[in-house]
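Down below is the structure, laid out as structure tokens.
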Amino acid sequence: MKRAVTLVVKYAWPMGGVVLLCLAGASVARATDQFDISTGLKTIYLLKEKIPMPVTVGVVYDAANEQSQNDAIVVKDNIDKSVGVPGGMTAVAKLVKNSDLTSLTGVKVIFVTQGLSTEMLLETNHAAATAGILSISTDLTCAASNKCVLGIVSKPRVEIYYSTVAAEASHIGFVPAFIMLAKPVGETK
């Protein structure tokens, strides 16, 4: 189910003004597709600390939520078939129930499916931060609430939303070129 949302985040401008970031009309949570996967995985090349290939991608989902399960299956199937996986990258997907986050051992990237509750997002964020995992979601509220490092939109145009708080908690750093392309979201410390 698509829901339209408008999120407004204020940022102090160095010269004293305020910048408003508006995600008008963006879907809060929508099914992840091959373009979202491709966009998310391409950010791996822009990490300061390189991830060795093959990349094991955890797909975190809520086993009690049909929407979340369906999203997880689509993400896993696309990655396993290399649909949406950027050229030169090898990736293997691993389904991870939110109730079994201890199985994230060895995972350096997770796609957080739609349909996770706020409590589940907190648990997933804690597990990702503890293990230094890059978290990605098409659910933009995940990044805007500092529960995911990246929020991805691939349609109608590619937009990447970046939570510096979640990135710092997970010890994730990006090269300067990425920071110039991504849009910062979430509350600052």
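The values are calculated or read from the model by the stated rules, or taken from the named source; none is laboratory data. What you see is a predicted model, and the numbers here were worked out from it, not measured in a lab. When we count neighbours, we look across all protein chains shown, and the Cβ atoms used for this are built from the backbone with ideal geometry, even at glycine.
If we scan the stretch 145-161, do we find a residue that is part of a helix (DSSP H, G or I), at pLDDT below 95 and among the hydroxyl-bearing types (Ser, Thr, Tyr)? Taking every residue of the stretch 145-161 in turn, none turns out to be part of a helix (DSSP H, G or I), at pLDDT below 95 and among the hydroxyl-bearing types (Ser, Thr, Tyr). If the condition is being within 14 Å of Ile136 (Cβ to Cβ), of a type in the set (A, V, I, L, M, F, W, C) and in a helix (DSSP H, G or I), then the stretch 68-89 contributes Ala72, Val75, Ile79. From the list Lys94, Lys81, the one residue that fits, being under 16 Å from Thr124 (Cβ atoms), basic (Lys, Arg) and modelled with pLDDT of 85 or more, is Lys94.
Only one of Thr32, Thr39 is under 27 Å from Pro156 (Cα atoms), polar (S, T, N, Q) and crowded, with 22+ Cβ neighbours inside 10 Å; which? Break it down into steps so the answer makes sense when it comes.
Numbers: Thr39 fails: crowded, with 22+ Cβ neighbours inside 10 Å.
Just a single option satisfies the conditions, and that option is Thr32.
Has the stretch 50-68 got at least one residue that is under 18 Å from Ile172 (Cβ atoms) and among the basic types (Lys, Arg)? Yes, the stretch 50-68 has at least one match. Put simply, of Ile152, Ile179, Ile160 the only residue that is among the β-branched types (Val, Ile, Thr) and farther than 16 Å from Val109 by Cβ is Ile179.
Residues that are among the polar types (S, T, N, Q) and within 13 Å of Leu41 (Cα to Cα) within the stretch 149-172 comprise just one, Ser154.
Take Ile110 and tell me if it is buried (at least 16 other Cβ atoms within 10 Å of the Cβ), closer than 22 Å to Lys42 by Cβ and at pLDDT 95 or above. So Ile110 fits the description; yes.
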